[in-house]
Amino acid sequence: MSLPDPVFPPLLTGHAVTAPDRAFETAVAGAARGSLGAADLVWARDTSRLDCALVLEPDVDRARAAEMVFVAMVAFGDSFGAIAPPEIGLTYRWPMALCVNGARAGHVRAAMSAQDDADGHPRWMVVGLTLDIRRNRRDGEPGDAPDQTDLVEEGCAELTRTDLLESYARHLLTWIHTWQTDGFRPVHDLLLFRAEGYREPVRLEHAGEIHDGRFIGLDDRGNLLLETGEGTRMLDALAAIEAVASAGQGI
């Protein structure tokens, strides 16, 4: 299926890639060698998924820069809500998964440079987002993996890669500005509004261990607060992000 190329806000510069190249890996490689910089948005022409990655040059430390993962999630939630049918529910599964009608459909990823600049800020950061529009049915039939889904399976076949990408780009810029001017609180509030399992018993894997408890909230850095029989336990968001990256999956 041929689709028109997306039109981005003037502050963003789009860079298209075609298979087998993927947006996140391309953006990370470009940022590392200096050929891509702040506000470069790499996107894949693949029409079966939304696959994009934004290059940033943070002016904050690593812990605060990691908040961009949550900024991207909130931005996508707003952008999806603006164009999807109202009966389709999008939720967040801490720390980085995007769920549609209760099943995982995509995720946010991130990577930071290994070196900091003179001010102690990462030299670059890439925040990527992938969401399945139509999965390869050779991998199985709907229902074979009940915790995985795509937009076609959930009744959103009319939403295209270009629709999703244009809406996400606009909302992402808006939410980056909100985060820069108002801090993490607005992001925090919408994270909880769409968070799976909030105020309910959950089981989470973190730092190589399984944690059981009641999900009672997020702190001002996006760390998950879990109420257990031994008291309140904090699951560190940056550690979760870095663990995914060290496993070779990006953040």
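The values are calculated or read from the model by the stated rules, or taken from the named source; none is laboratory data. Since this is a predicted model, take the numbers as computed values, not measurements. All Cβ positions, even for glycine, are placed from backbone atoms using ideal geometry, and neighbour counts span all protein chains on display. All accessible areas refer to the heavy atoms of the entire protein, side chains included, with ligands and DNA or RNA removed. Shrake-Rupley method; radii C 1.70, N 1.55, O 1.52, S 1.80 Å.
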Legend entry - ³J(HN,Hα) computed for each position of region 209-222 - Karplus, 6.51 cos²θ - 1.76 cosθ + 1.60, integer Hz, glycine/proline x: 10, 8, 10, 10, x, 9, 6, 9, x, 10, 8, 7, 10, x
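How long are the semi-axes of the equivalent ellipsoid of region 97-229, taking √(5λ) for every eigenvalue λ of the Cα gyration tensor, in whole Å from largest down? Before the final figure, lay out the partial values.
Working: eigenvalues 152, 111, 52 Å².
Gyration-tensor ellipsoid for region 97-229: 28, 24, 16 Å.
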Legend entry - Exposed GluC sites (Glu not before Pro) absent - longest run of the chain, DSSP non-H/G/I/E/B, at most 12 other C-beta within 10 Å: 1-86
Legend entry - Amide H partners (placed H, <5 Å) of Q148, local residues excluded: R104
Inset, instruction - May I ask you to list, by number, the DSSP H helices of the chain whose Cα span along the axis is at least 24 Å and whose average Kyte-Doolittle hydropathy reaches 0.0 or more? - result: 67-83
Inset, instruction - Once you have all Cα-Cα distances for the chain, histogram them in 10 Å bins from zero and send the whole-percent values. - result: 7, 31, 38, 20, 4, 0
Inset, instruction - Please give the solvent-accessible surface of I83 in Å², to the nearest 10, using a probe radius of 1.4 Å with every protein chain present. - result: 60
Legend entry - Label-point gap, in nm, between R134 and D220 - each point 7 angstrom along Cα→Cβ: 4.8
Legend entry - Per residue value of the accessible surface for region 2-138 (all protein chains in place, 1.4 Å probe), Å²: 41
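Leaving out ligands, DNA and RNA, what percent of the accessible area of the chain is carbon and sulfur, probe 1.4 Å? If you can, show how the numbers build up before the last one.
Values: 5810 of 11850 Å².
Percent of accessible area from carbon and sulfur atoms in the chain: 49.
Could you order T149, T232 by accessible surface area, starting with the largest, using a probe radius of 1.4 Å? Intermediate results must be reported in sequence, preceding the final value.
On the way: T149 0, T232 95 Å².
Descending accessible area places them as T232, T149.
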Legend entry - Approximate spin-label separation A82-E230, in nm, with each point projected 7 Å along Cα-to-Cβ: 4.5
Legend entry - Evaluated at q = 0.13, 0.21 Å⁻¹: base-10 log I(q)/I(0), Debye formula over Cα of region 1-127: -0.58, -1.33
Inset, instruction - Give me the net charge of H121's neighbourhood, meaning all other residues with Cβ under 10 Å from the Cβ of H121; Lys, Arg count +1, Asp, Glu -1. - result: -3
Inset, instruction - For the chain, set up a Gaussian network in which alpha carbons nearer than 10 Å are linked by springs, and say which option among I210, I241, I133 fluctuates the most. - result: I210
